[in-house]
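Worksheet: one structure, shown below.
Coordinate-derived values only; no laboratory data. This one's a predicted model, so the numbers in the text were calculated from it and none came from an experiment. Note that each Cβ is placed from the backbone with ideal geometry, even for glycine, and that neighbours are counted across all protein chains shown.
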Amino acid sequence: MEKMIVICMGSSCFARGNRDHLELIENYLHGNRIDAEVRFSGCRCRGECGRGPNLEINGNLYHEVDTGTLLDLLEFHFSGVTIET
């Protein structure tokens with residue numbers, strides 16, 4: 001299964017925290033040297049504005065994600081990712 005993160009870039013999610021989450025995710029992937037192993041992209045509004053900020057990790061949609069939760073989710077989903085050689 002492909003490892004992936006899709007972050008909502010709709011105006012509500014962006015204003016509610018995904019602006020900061022964008023940089024946090026990039027730094028996490030780069031700092032753990034797994035940026036080449038994980039497809040990271042943005043999407044337009046998913047219509048879940050009232051439950052934002054929203055993001056999808058490996059097919060799982062998460063709502064009301066704050067910074068602490070995001071770090072926990074990244075560790076949960078990607079702590080075992082190994083770099084292909």
Quiz prompt | Fraction of beta bridges assigned by DSSP in the chain that are antiparallel (%, nearest 5) | solution = 50
Practice problem: Would you mind checking which residues have amide H under 5 Å from Gly42's amide H? H placed 1.01 Å from N; only 5 or more apart, or other chain. | Solution: Ile7
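Counting only C-alpha contacts under 8 Å and six or more residues apart, can you give the relative contact order of the chain as a whole percent? It would help to have the intermediate numbers written out before the result.
Details: 109 pairs, mean separation 32.5, N = 85.
38 percent.
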Self-check item: Vicinal HN-Hα couplings computed from phi for the stretch 13-20 (Karplus, 6.51 cos²θ - 1.76 cosθ + 1.60; Hz; Gly/Pro x)
Solution: 5, 4, 5, 7, x, 5, 4, 6
Quiz item: Check Met4: other-chain or 5+ apart residues with amide H under 5 Å from its amide H, H built from backbone geometry?
Solution: Arg39, Asn58
Quiz prompt | Using θ = phi - 60° and Karplus 6.51 cos²θ - 1.76 cosθ + 1.60, couplings along the stretch 69-80 (whole Hz; Gly, Pro as x) | solution = 5, 4, 4, 4, 5, 4, 5, 4, 7, 10, 5, x
Quiz item: Whole-Hz Karplus ³J(HN,Hα) for the stretch 41-50, in order, using 6.51 cos²θ - 1.76 cosθ + 1.60 and θ = phi - 60°, x for Gly and Pro?
Solution: 9, x, 9, 6, 3, 9, x, 10, 4, x
Quiz item: Ranked highest first by the average count of other Cβ atoms within 10 Å around their residues, in what order do 23-31, 48-56 fall?
Solution: 48-56, 23-31
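With all distinct Cα pairs included, what does the Kirkwood hydrodynamic radius of the stretch 3-78 come out to in Å, to one decimal, could you say? All intermediate terms of the calculation are to be shown ahead of the outcome.
Values: mean 1/r = 0.0826 Å⁻¹.
Here the Kirkwood hydrodynamic radius works out to 12.1 Å.
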